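Below: the structure, in structure tokens.
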Amino acid sequence: RLAFFGPAQVALCGDVRGLAAVDLGCGSGYLARALAERGARVTGVDLSPNMLAHARRIEAERPLGVRYVEGDAAAADALLPAGTFDLVVSCLALQDMADPAGAFRAAHALVRPGGRFVASISHPATDTPHREWRRDAGGGKLALCVDRYFERTVLHYPWRGWAYDFTTPALHAPLEDWLGWALGAGFTLRGLHEPRPTPEAVAE
């Protein structure tokens, strides 16, 4: 998914040269590194020590000055100085958090007046509790059948073909909840974008 969401989010961040940025739910550091490569001073925050170990290993191999902090995004304002970041970002992570509304509040506390929070989530209109491909006789995709959009629940995604099989949870909530969390945290909505995959991302 990063081949799709990653470049789109980097583009939405615009010119980040000289900016102080924090990446909430940074994982192994994809977006943090992309912003650092473009001149930002970046701190990554993640709850998973294993993901941070990957991020720190990559930083040691190819230093970009990214600092990584272990902690809950919803409590990031207790880990980092409030009101000191020009840019707060989160790439495809908010729906995987136990308290996304808290993460919005923490992001608002961290960003300086006039700063920005740029975040992406999986689209709740297609990642629904009922999601099934209708296929033709040869197995080709005909249509994606979705239902139960307004159901607020946790979805479970199985991952196969790795060193071991595992399942990850993700929150499903309608867009009105997501916008409500952003506005309730004190943000002013400047844009809502639905990026399309590049031909290269589709091929990959």
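The values are calculated or read from the model by the stated rules, or taken from the named source; none is laboratory data. The structure presented is a predicted model; accordingly, all values stated were derived computationally and were not measured. Here the Cβ positions follow ideal geometry from the backbone for every residue, glycine too, while neighbour counts run over all protein chains shown. Accessible surface areas use protein heavy atoms only, side chains included; no ligands, DNA or RNA. Shrake-Rupley method; radii C 1.70, N 1.55, O 1.52, S 1.80 Å.
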Next on the checklist: Rounded to the nearest 5, what % of DSSP beta bridges with both residues in region 80-201 are antiparallel?
Outcome noted: 70 percent
Item to check | By average C-beta atoms within 10 angstrom, highest first, the peptides 138-147, 56-65, 91-100, 24-33 | outcome: 24-33, 91-100, 56-65, 138-147
Item to check | Computed label-point distance, nm, for sites residue 155 and residue 204 using a 7 Å Cα→Cβ extension | outcome: 2.1 nm
Item to check | Karplus 3J(HN,Hα) series, Hz, for region 122-131 with 6.51 cos²θ - 1.76 cosθ + 1.60 (x for Gly, Pro) | outcome: 5, 6, x, 6, 10, 9, 10, x, 10, 8
Checklist entry - What's the Kirkwood radius of the chain in Å, using all Cα pairs? => result 18.1 Å
Checklist entry - Among the chymotrypsin sites (Phe, Trp or Tyr not before Pro) within region 43-117, which fall in a DSSP loop and have no more than 10 other Cβ atoms within 10 Å of their own Cβ? => result none
Checklist outcome for this item: Calc'd 3J(HN,Hα), region 193-204, phi into Karplus 6.51 cos²θ - 1.76 cosθ + 1.60 (θ = phi - 60°), Hz, glycine/Pro = x, comes to 10, 10, x, 9, x, 6, x, 5, 5, 5, 5, 5
Checklist outcome for this item: Residues meeting the amide H criterion for residue 116 (H placed from the backbone, H to H distance under 5 Å, 5 or more places apart or on another chain) are 87, 88
Checklist entry - At residue 70 and residue 179, where each label point lies 7 Å from the Cα along Cα→Cβ, what is the point-to-point distance in nanometres? => result 4.0 nm
Checklist entry - Okay, helix-only estimate at 222 nm for the chain: each DSSP H run of n ≥ 4 adds -39500 (n - 2.57), divide by all residues, round to 500 deg cm²/dmol; what do you get? => result -8500 deg cm²/dmol
Checklist entry - Once the Cβ-Cβ distance between residue 168 and residue 61 is put in as r, and R0 is 35 Å, what FRET efficiency do you end up with, to the nearest 0.05? => result 0.85
Item to check | Solvent-accessible area per residue for the chain (1.4 angstrom probe, square angstrom) | outcome: 57 Å²
Item to check | Full-extension gain in nm, residue 192 to residue 144, via 0.36 nm per residue minus C-alpha separation | outcome: 14.9 nm
